[in-house]
Amino acid sequence: MNGVITAYNKQRGFGLISQELVIKSIYFDIVDCKAKGLFIGSAVEFDLAITKKGTVAKNIMGVSKEVGV
(Lines give C-alpha, C1' and ligand atoms only; values in the text may rest on other atoms or scores of the structure.)
Protein backbone atom coordinates (compact mmCIF):
# COMPACT_ATOMS: atom_id res chain seq x y z
CA MET A 1 0.00 0.00 0.00
CA ASN A 2 1.10 3.62 -0.51
CA GLY A 3 0.57 6.69 1.64
CA VAL A 4 2.11 9.82 3.14
CA ILE A 5 3.18 10.43 6.72
CA THR A 6 0.81 13.12 8.03
CA ALA A 7 1.75 13.10 11.72
CA TYR A 8 4.83 11.96 13.62
CA ASN A 9 5.80 12.23 17.28
CA LYS A 10 9.53 11.51 17.55
CA GLN A 11 9.58 11.49 21.38
CA ARG A 12 6.78 8.93 21.63
CA GLY A 13 7.83 6.95 18.53
CA PHE A 14 4.59 6.81 16.55
CA GLY A 15 2.75 8.57 13.76
CA LEU A 16 -0.05 8.45 11.21
CA ILE A 17 -0.12 7.63 7.50
CA SER A 18 -2.85 8.93 5.19
CA GLN A 19 -3.87 7.46 1.85
CA GLU A 20 -5.53 8.97 -1.17
CA LEU A 21 -9.32 8.39 -1.12
CA VAL A 22 -9.22 6.94 2.43
CA ILE A 23 -10.63 9.09 5.24
CA LYS A 24 -9.16 7.31 8.29
CA SER A 25 -5.41 7.61 8.97
CA ILE A 26 -3.37 4.49 9.76
CA TYR A 27 -1.33 4.28 12.97
CA PHE A 28 2.33 3.20 12.84
CA ASP A 29 5.03 2.57 15.43
CA ILE A 30 8.60 3.65 14.62
CA VAL A 31 9.73 0.07 15.39
CA ASP A 32 7.95 -0.99 12.17
CA CYS A 33 9.76 1.65 10.07
CA LYS A 34 12.58 0.21 7.95
CA ALA A 35 13.64 3.62 6.59
CA LYS A 36 15.56 6.36 8.38
CA GLY A 37 14.95 10.08 7.99
CA LEU A 38 11.20 9.97 7.37
CA PHE A 39 9.24 13.10 8.20
CA ILE A 40 5.77 14.59 7.74
CA GLY A 41 5.12 14.60 3.99
CA SER A 42 7.35 11.58 3.25
CA ALA A 43 5.88 9.12 0.75
CA VAL A 44 5.92 5.55 2.07
CA GLU A 45 5.00 1.99 1.16
CA PHE A 46 3.70 -0.32 3.88
CA ASP A 47 1.78 -3.47 4.70
CA LEU A 48 -1.44 -3.47 6.70
CA ALA A 49 -1.78 -5.65 9.78
CA ILE A 50 -4.80 -6.30 11.97
CA THR A 51 -3.99 -6.23 15.69
CA LYS A 52 -6.12 -6.27 18.83
CA LYS A 53 -5.84 -2.45 18.78
CA GLY A 54 -7.03 -2.19 15.16
CA THR A 55 -5.44 -1.79 11.73
CA VAL A 56 -1.80 -0.64 11.76
CA ALA A 57 0.99 -0.09 9.22
CA LYS A 58 3.95 -2.50 9.27
CA ASN A 59 7.14 -2.85 7.19
CA ILE A 60 7.16 0.87 6.36
CA MET A 61 9.65 1.95 3.69
CA GLY A 62 10.24 5.35 2.10
CA VAL A 63 9.68 5.78 -1.63
CA SER A 64 11.38 8.31 -3.87
CA LYS A 65 8.26 9.40 -5.75
CA GLU A 66 5.60 11.68 -4.28
CA VAL A 67 2.31 10.04 -3.40
CA GLY A 68 -0.78 12.26 -3.30
CA VAL A 69 -2.90 12.46 -0.17
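Observations on the structure shown:
- Residue pairs meeting the criteria (Cβ under 7 Å; at least 6 apart or on separate chains; first under 10 Å from Ile60 (Cβ atoms), in the range 19-42; second not in a strand (DSSP E or B)): Asp29/Gly13; Ile30/Gly13
- Within the range 1-25, the residues that satisfy the criterion of being out of contact with any Asp or Glu (no Cβ under 8 Å at 6 or more places or on another chain), over 21 Å from Ser64 (Cβ atoms) and not in a loop (DSSP other than H, G, I, E, B) are Ala7, Asn9, Leu16.
- Of everything in the range 38-66 that is assigned to a loop (DSSP other than H, G, I, E, B) and among the polar types (S, T, N, Q), the residue that is nearest to the chain's Cα centre (by Cα) is Ser42.
- Every residue from the range 49-69 that is within 16 Å of Leu21 (Cβ to Cβ) and either surrounded by 13 or more Cβ atoms within 10 Å (Cβ to Cβ) or modelled with pLDDT of 95 or more (or both): Val67, Val69
- Ile26 being among the β-branched types (Val, Ile, Thr) and crowded, with 17+ Cβ neighbours inside 10 Å: yes
The values are calculated or read from the model by the stated rules, or taken from the named source; none is laboratory data. Because the structure is predicted, anything quoted here is derived from the model rather than measured. Positions of Cβ are generated from backbone atoms using ideal geometry, with glycine treated the same way; all protein chains shown enter the neighbour counts.
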